[in-house]
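Please read the structure below before turning to the comments.
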Amino acid sequence: MSTTLGWLYALAAGFLSTYVVQKLCFPYFWRDLLFLMKVIRYGVRLELFKLTSSVRTVLDRFIEQAQRIPNKPFVIYDGTVYTYRDLELRSNKLANVFFHNMRLKKGDCVALLIGNEPDFVSAWFGLAKVGCSVAFLNINIKSKSLLHCFDCCGAKTLIIGSDLLKCLDGILPSLLKSNIQVCTMKSHCEHPQVHTLQDKIDAASDRPVPAVLRATNSLKTPTLYIFTSGTTGLPKAAVITHLQSLKAAGGFWAFGANETDVIYIPLPLYHSAASLIGIGGTIELGATCVLKKKFSASQFWTDCKQYEVTIFQYIGELCRYLCNQPKTEMDQAHRVRMGVGNGLRQDVWREFLTRFGNIKMCEVYGSTEGNLCFMNHIGRIGVVGRSNFFYRLLFKYDLVKYDMAKDKLVKDQHGFCQRVKKGETGLLLAKVSTLSPFFGYAGSKQLTENKLMRNVFVKGDTYFNTGDLMAEDRDGFICFRDRVGDTFRWKGENVATTEVTEILGMVDFIQEVNVYGVEVPGHEGRAGMAALIVRPGLTFDEKKLFEHANRDLPTYARPLFVRLQKVMETTSTFKQQKFQLVQSGFNPKTIADPLYVLDYQQKSYIPLTNQIYQDIVYGGRKL
C-alpha cells in the first residue's frame, strides 16, 4: 500500500513539475498547439482537394450555405437585409445575363469597378458561376492606372457600378478602341456605347446556369486578380487562386468565430482583406456581415449596437479615427468581442482597449500576393504574429540582415544572406515551396521574378521577398518594424513611389523628383513627401503642382509635403537616396531647403512654416 502511495505521490509530483516548467518556460504551449491544430486541420482539407477532382471553392461553399440556410441574413447594407437566398438568386440572374446576353464564356477575364454594395458580391459570384476570372479594380485609381490594369489581366469586359460612371470620363474612347465592352448596373445610360445591365437582369431567369461552367479540378486555377501597388511601378495584378481564396476564408474561423457572429466590414471590397477574409470568411462560417459603403467613425458604434455586431475588420488607421472621436455612452454599449485586421500601433491598441472594452484584437500579417501569413492568436499588444517550433516546421521563413542606409542586403563572403539574431530587425523572406507557393502577377513574368530571391542561403533555393523589416523576440512574437524599397502606406493604402514619381514628373517645371514617406506623429503609416529639383530657367509653381496632383493622383497618394532641392543624392548604384530624406522628415527648423505643405482650402502648396509644423505635430491641422 505504501509503495502504491509512493508511486502516486511521485506521479503527482512529476505532473506538477511538468506543469510548472511548462508554465514558466513554455507559457503559450497549449494555446499554440490548439491553434496550430485548427490551422493544420483546415490545411489538410485543402490538401485533400489536390488529390481528388472534387474541388470545393468559396463559390461552392456559398451555394451550399444558400441551400442550407436560405433565409438567414447574409449581407446587411444601408439598413436592408439580403439573405443568402437573395444573393444566390441575384447572382443567378447576373450569371444568365453574362452567359446568354453578353456571351461571356469560361476562362474570360472581367474587370469589376464597383464600390461597397451587395451588387459587388452578386456580380463577382455571377461571373464566377459562368467560369470567368474577375479583376477587382480600385475605385480611386485614375485614367492611366485604370487603363494599365486592363493590360495586366487581359480583361475585355468592364462592369461598372451605377454611381461610378464618372470614372469613364476621358477614358471611355480608349477602352472602346481596345475593344473592351463596358457595362453598367443601370437600366439607362447617357453613354450610348455603354451597355446597361439592370433591364436585362429584370428579364433574366433566376435559375442556376450549368454547374460545369464553374467547375475546376485544381486549387491553383486563378479565380481573381487583385491589384496592389507592390514595391514599384503602376498597379500590379496579383494572381489569386482558389487555394488562396480558401485559405483567407478560414481566417475568422481560426480565430474562434462561428455562425452566430455578425461581422462589420467597413473596408473596400477591392482589397483582399474585405473580399477574401471578410466576405469569404462570412460565407465559410454561415454568418452575417454588415457591409458599409464607406467607413464612418461617427456612425461606427451606433451601427455596431443597432446590428449587434460581434466582430469587425480594421486597419490601424481606422482604430485611431475611433479613438479620436468624442467620448460617448456608446463607447462600451456594444457586443463587439473581436477585431481582425492589421497595422494597429501599440499606443492606439492600448487606448482602444481602455476606452472600448475587452475586445480581442487579432492582428494578421500578409500581403495579397504573398505566400506567408502570421496570425497573432494570443492577442499580445504590438505584435503582428506568433511563431514557434511547430509553425517553422510547416512554413519556412527567415529574417536576414539588411542595411537601410545603403538600401541593400548584407551578405557573407560567399554571397549568401545572413540570418539575424533573436530580437534583431531583419528583412522577412518566405521560402517558396509546394506548401507555400507564390503565384506572382498577371501580365509580366519580370514583375513576378522581381519579387523572388534565389540562392539565398544555398544554391538553388527560392524565397519571396516581402519587403518588410521585422523582428522576432525570444518568445516567438513577431513585430513589424518598417518597409524597404519604394512603397509606403498611408490612409490604409499602399503608395508606390515610382508611380507618383512618374506622374509628378510630367509637370513641366520639374526636372527630377524623389517620392518617399515620412512619419507624422499620431498617424499610422507614412505621409507622402516629394523632393523636387526645378528645371533651370523655370520656377516652382505651387498651384500648378496642386492641380496636377489633385487631377491625376488618388487622395492617399498625393504628396502632403514638398521639399525643393538643388542636388538629388543617389546611392552607389545610381538609385535615388531616400534614407536620409526619410530620416530628416519635414521639420522646417532642421531642414534648410524650402518646404511646402498641401492645402486644399487654398488649392495650392503653401510654405511650411514653424506654426503649421507645430499644428500638424500636435494634431491641430487635419491631414
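The values are calculated or read from the model by the stated rules, or taken from the named source; none is laboratory data. Everything numeric here is computed off the predicted structure, so don't read it as measured data. Note: ideal-geometry Cβ built from the backbone for every residue, glycine included; neighbour counts use all protein chains shown. Accessible surface is based on the protein model in full, side chains and every heavy atom, while ligands, DNA and RNA are left aside. Shrake-Rupley method; radii C 1.70, N 1.55, O 1.52, S 1.80 Å.
Structural remarks
- Projecting label points 7 angstrom from Cα along Cα→Cβ for Thr196 and Gln611 puts them 5.6 nm apart.
- Secondary structure note: in the range 486-623, about 85% of the DSSP beta bridges are antiparallel.
- Sulfur and carbon atoms: percent of accessible area, the range 140-277 [1.4 Å]: 53
- Within the range 492-623: Cβ-based charge dipole about Cα centre, in debye rounded to nearest 20 (Lys, Arg +1; Asp, Glu -1): 200
- Between Thr434 and Leu147, the contour length at 0.36 nm per residue exceeds the alpha carbon distance by 99.9 nm.
- Fraction of accessible area attributable to carbon and sulfur, the range 40-114 (%, probe 1.4 Å): 53
- Calculated FRET efficiency for the pair Gln418/Ala592, C-beta based, R₀ 41 Å, to 0.05: 0.60
- Two-site label geometry, Arg337 and Gln325: point separation in nm, points 7 Å out along Cα→Cβ: 2.2
- Label separation (Glu569 vs Lys72): 5.8 nm, computed from points 7 Å beyond Cα along the C-beta direction.
- Under 14 Å, Cβ to Cβ, from Leu36 - net charge with Lys/Arg +1 and Asp/Glu -1: +4
- If a spin label sat at a point 7 angstrom from the Cα of Thr462 along the line to its beta carbon, the backbone N atoms of the range 411-432 nearer than 11 Å would be those of 432.
- Looking at the range 304-417 alone, DSSP beta bridges between its own residues are antiparallel in about 35 percent of cases.
- C-alpha center-to-center spacing [the range 289-346, the range 144-175] in angstrom: 33
- For the chain, the Cβ-based charge dipole about the Cα centre amounts to some 1140 debye (Lys, Arg positive; Asp, Glu negative; other atoms uncharged).
- Reported to the nearest whole Å, the Cα centre-to-centre distance from the range 374-415 to the range 252-287 is 27.
- Only the Cβ atoms of Lys and Arg (+1) and of Asp and Glu (-1) were treated as charged; on that basis the dipole of the range 53-140 about its Cα centre amounts to roughly 340 debye.
- The figure for Lys422 is an accessible area of roughly 100 square angstrom, using a 1.4 Å probe on the protein chains alone.
- Within-13-Å neighbourhood charge of Val75 [Cβ basis; K, R +1; D, E -1]: 0
- Helix-derived mean residue ellipticity, 222 nm - over the chain, DSSP H n ≥ 4, -39500 (n - 2.57), to 500: -9000 deg cm²/dmol
- Stretch gain in nm, segment Thr260-Lys220, where the contour uses 0.36 nm per residue and the Cα spacing is subtracted: 11.3 nm
- FRET efficiency, 1/(1 + (r/R0)^6) with R0 60 Å, evaluated for Asp206 and Lys408 via beta carbons: 0.55
- What the Cβ-Cβ distance of Asp473 and Glu308 gives, at R0 = 35 Å and to the nearest 0.05, is a FRET efficiency of 0.40.
- Averaged over residues, the count of other Cβ atoms within 10 Å places the peptides 144-153, 614-623, 103-112 in the sequence 144-153, 103-112, 614-623, highest first.
- Which of Trp301, Trp30 is most accessible, then next, and so on - probe 1.4 Å: Trp30, Trp301
- Net charge of Cβ neighbours under 13 Å - reference Asp615; Lys, Arg +1; Asp, Glu -1: +1
- Projected-area mean, the range 526-601, by convex hull of Cα positions, square nanometres: 6.3
- For the range 261-319, the residue among Ser298, Gly278, Val262 whose Cα projects farthest onto the positive side of the dipole built from Cβ charges is Ser298.
- Solvent exposure of the chain, expressed per residue, is 46 Å² of accessible area, with all protein chains present and a 1.4 angstrom probe.
- Normalised per residue, the volume of the convex hull around the Cα set of the range 480-583 (Å³): 108
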